[in-house]
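K.L.:
Quick one: the structure is below, questions incoming.
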Amino acid sequence: MNEIIDISKVPVRKLYTGAVMPAVGLGTFGSDKYSPDQISEAVYGAVKSGYRMLDCASVYQNESQIGQVLARLFSEKIVTRQELFITSKVWNDQHREVRKACEKSLYDLGLSYIDLYFVHWPFPNYHAPGCDGDSRNPDSKPFSVEEFMDTWKQCEELVDAGLVRAIGMSNMTISKLEKVLPLCRIQPAALEMECHPSFQQQDLFDYAMSHNIVPIGFCPIGSPSRPERDRTAEDVADTELPEVVSVAQNHGIHPAVVCLKWAVQRGMCPIPFSVKEPQYISNLRCTTVDPLTEEEMALLQKAERNCRLVKGQVFLWPGAEDWKELWE
Ligand SMILES: NC(=O)c1ccc[n+]([C@@H]2O[C@H](COP(=O)([O-])OP(=O)(O)OC[C@H]3O[C@@H](n4cnc5c(N)ncnc54)[C@H](OP(=O)(O)O)[C@@H]3O)[C@@H](O)[C@H]2O)c1
């Protein structure tokens with residue numbers, strides 16, 4: 001019998017559309033390490049424990065297994081569709097057929113609408129799932145406002161058609177947002193961005209907040225199980241940073257949990273991944289008890305190391321040498 005967390009105690013975020021979502025969700029990318037069945041079982045256990053927000057994507061290749069589990073949760077009356085907040089994302093090779101991609105996610109998830117649908121990356125640059133970090137696609141192109149806005153217009157039409165309730169952007173920069181936001185008929189309600197103590201993206205976070213865009217933080221624990229292709233020698237481990245470890249010791253909790261408490265208290269909506277019941281339960285429960293002090297929040301601000309983990313180098317186009325060009 002797993003622990004049930006009082007969801008009414010979990011902080012919430014309100015989108016400009018009026019929709020409300022919990023300030024912690026469950027990530028569903030298995031990092032090539034966990035199978036779709038393991039992940040969908042974790043979704044079942046997590047929802048049973050109190051999770052109401054799920055971060056999905058077609059490229060995670062597990063939406064149909066998650067759909068089966070959602071059907072089970074609904075038929076067992078553990079939760080209703082209206083109580084859940086479910087995201088999905090259009091992958092890079094489907095920027096020219098967003099409706100088809102969204103309909104496939106709806107079919108796989110067994111839903112009639114998605115709460116928040118993202119453009120996963122602001123490029124149509126495809127690479128095969130699981131390819132190694134050195135692989136490049138000769139068809140890849142740099143960011144183009146025209147290409148992106150064509151994709152975004154298709155997302156806006158999904159809102160018009162009632163297939164999705166809100167739309168969001170992911171893996172953006174301030175410079176790209178400044179170019180596209182004035183052109184949007186329907187503004188993004190959320191921005192999915194990498195965020196953990198060693199990579200806080202304070203400027204992008206502030207920019208999103210000041211534009212009424214809810215920041216959703218991925219890799220909130222520093223993605224300790226990320227695939228080999230996403231690792232470099234310079235990366236730091238958030239859970240080993242002295243600032244994080246010292247706050248963890250103050251509270252007698254795992255450093256991973258400190259990262260989540262910090263994110264939620266800062267105003268972020270982290271989406272930690274775990275298939276392990278004690279982990280995913282503590283990741284939600286930690287937002288309902290024993291908050292960090294102002295001094296601890298200030299100390300964690302000093303954990304910034306400018307350590308981007310998801311560099312996206314496989315999306316580089318011919319002629320581009322450095323992954324930093326993706327983030328201009
Ligand atoms: N929009 C995007 O482009 C994008 C990119 C990346 C990720 N995401 C989303 O963000 C989600 C989260 O990112 P992520 O999975 O890369 O990284 P993460 O949530 O930072 O790290 C997940 C790992 O942390 C460990 N962990 C979790 N809870 C723990 C706890 N309480 N104590 C100790 N260790 C704990 C687990 O490691 P073990 O497995 O070793 O136990 C787990 O696999 C993804 O699942 C996905 O939904 C989105």
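K.L.:
Residue-wise, which Karplus ³J(HN,Hα) couplings in Hz belong to region 9-20, taking 6.51 cos²θ - 1.76 cosθ + 1.60, θ = phi - 60°, and x for glycine or proline?
P.N.:
Rounded to whole hertz, the list is 8, 7, x, 10, 10, 10, 7, 5, 6, x, 5, 10.
K.L.:
For ALA166, enumerate residues with amide H under 5 Å from its amide H, sequence gap 5+ or separate chain, H modeled in the peptide plane.
P.N.:
LEU116, TYR117
K.L.:
Label 7 Å along Cα→Cβ of VAL310; region 97-120 residues with amide nitrogen under 14 Å?
P.N.:
Residues passing the 14 Å test: 118-120.
K.L.:
Quick one: which residues, 5 or more positions from GLU192 or on another chain, have an amide H under 5 Å from its amide H? H modelled 1.01 Å from N in the peptide plane, none for Pro or chain starts.
P.N.:
Here MET169, SER170, ASN171, ILE216 satisfy the definition.
K.L.:
Right, here's the next one. Considering the dipole of region 144-201 built from charges on the beta carbon (Lys and Arg +1, Asp and Glu -1) around the Cα centre, which of LEU183, LEU163, CYS195 is farthest to its positive end?
P.N.:
Value: CYS195.
K.L.:
Loop only per DSSP, at most 11 neighbouring Cβ atoms within 10 Å: give me the trypsin sites (Lys or Arg not before Pro) in region 169-224, ordered by residue number. Let's see the in-between values first.
P.N.:
On the way: sites: LYS176, LYS179, ARG185; in loops: ARG185.
When the trypsin sites (Lys or Arg not before Pro) of region 169-224 are filtered for loop state and at most 11 Cβ neighbours within 10 Å, ARG185 remain.
K.L.:
Taking loop as defined by DSSP and a crowding limit of 15 other beta carbons within 10 Å, which chymotrypsin sites (Phe, Trp or Tyr not before Pro) in region 1-65 fit?
P.N.:
On the way: sites: TYR16, PHE29, TYR34, TYR44, TYR51, TYR60; in loops: TYR16, PHE29, TYR34, TYR51.
Answer by residue number: TYR16.
K.L.:
List the residues whose amide H sits under 5 Å from the amide H of PHE199, counting only those 5 or more places along or on another chain, with H placed 1.01 Å from N in the peptide plane.
P.N.:
ARG305, CYS307
K.L.:
Taking Rh as the Kirkwood radius, which is the inverse of the mean 1/r over Cα pairs, what is the Rg/Rh value for the chain? Show your work: numbers first, answer last.
P.N.:
Numbers: Rg = 18.7 Å, Rh = 20.0 Å.
Reported Rg/Rh (Cα atoms, Kirkwood Rh): 0.94.
K.L.:
Next up: May I ask you to evaluate 6.51 cos²θ - 1.76 cosθ + 1.60, the Karplus curve with θ = phi - 60°, for each residue of region 172-181 and list the ³J(HN,Hα) values in order in whole Hz, giving x for glycine and proline?
P.N.:
My calculation for region 172-181 gives 9, 10, 4, 4, 6, 4, 4, 6, 9, 4 Hz in order.
K.L.:
What are the GluC sites (Glu not before Pro) within region 28-135 that DSSP puts in a loop, where the Cβ has at most 16 other Cβ atoms within 10 Å? Intermediate values should be presented prior to the final figure.
P.N.:
Values: sites: GLU41, GLU63, GLU76, GLU83, GLU97, GLU103; in loops: GLU76, GLU97.
Hits after loop and neighbour filter: GLU76, GLU97.
K.L.:
What list of ³J(HN,Hα) couplings, whole Hz, do you get for region 276-293 from phi and the Karplus terms 6.51, -1.76, 1.60, once you set θ to phi - 60° and write x for glycine and proline?
P.N.:
Calculated HN-Hα couplings, in order: 9, 3, x, 5, 5, 5, 5, 5, 8, 4, 4, 7, 10, 9, 6, x, 6, 7 Hz.
K.L.:
Here's another thing I want to ask about it. Just need the relative contact order of region 120-195 here, percent rounded to a whole number, with Cα pairs under 8 Å and 6+ apart. Provide the component values of the computation, followed by the final result.
P.N.:
Numbers: 69 pairs, mean separation 25.0, N = 76.
33 percent.
K.L.:
Working out 0.36 nm times the residue gap between ALA19 and ASP160, then minus their Cα-Cα distance, what length gain in nm do you get to one decimal? Please report the intermediate quantities before stating the final value.
P.N.:
Working: separation 141, 0.36 × 141 = 50.76 nm, distance 1.63 nm.
Gain on extension, ALA19 to ASP160, equals 49.1 nm.
K.L.:
Moving on. With charges set only on the Cβ (+1 for Lys and Arg, -1 for Asp and Glu), what does the dipole of the chain come to about its Cα centre, in debye to the nearest 20?
P.N.:
780 debye
K.L.:
Suppose every Lys and Arg Cβ carries +1 and every Asp and Glu Cβ carries -1, with no other charges. What dipole size does region 171-255 come out with about its Cα centre, to the nearest 20 debye?
P.N.:
Working: 6 positive and 12 negative charges, 86 e Å.
Its charge dipole is roughly 420 debye.
K.L.:
Using a Förster radius of 45 Å, what is the FRET efficiency between GLU240 and ALA71 based on their Cβ-Cβ separation? Nearest 0.05, please.
P.N.:
Numbers: r = 40 Å, r/R0 = 0.90.
The computed FRET efficiency comes out at 0.65.
K.L.:
Right, next: Taking a virtual spin label 7 Å from the Cα of ILE4 along the C-beta vector, which residues in region 21-61 bring their backbone nitrogen under 13 Å of it?
P.N.:
Under cut-off, by backbone N: 47-51.
K.L.:
So if each residue of separation counts as 0.36 nm, and I subtract the Cα-Cα distance between SER112 and ASP139, what length gain in nm does that give?
P.N.:
On the way: separation 27, 0.36 × 27 = 9.72 nm, distance 3.43 nm.
Gain in length upon complete extension: 6.3 nm.
K.L.:
Treat each spin label as a single point 7 Å out from the Cα along the C-beta direction, and report the GLU321 to SER35 distance in nm.
P.N.:
4.5 nm
K.L.:
With an 8 Å cut-off on Cα pairs and a minimum separation of 6 or more residues, tell me the relative contact order of the chain in percent.
P.N.:
Working: 600 pairs, mean separation 69.2, N = 328.
Over the chain, the number comes to 21 percent.
K.L.:
Could you give the semi-axes, largest first, of the ellipsoid that matches region 42-157, computed as the square roots of 5 times the alpha carbon gyration tensor eigenvalues and rounded to whole Å? All intermediate terms of the calculation are to be shown ahead of the outcome.
P.N.:
On the way: eigenvalues 177, 53, 23 Å².
In descending order, the three semi-axes are 30, 16, 11 Å.
Each reported figure results from applying straightforward, stated rules to the coordinates on display, with no laboratory input. These numbers were taken from a predicted model, which means no experiment stands behind them. For neighbour counting, all protein chains shown are included, and Cβ atoms are generated from backbone atoms with ideal geometry for every residue, glycine included.
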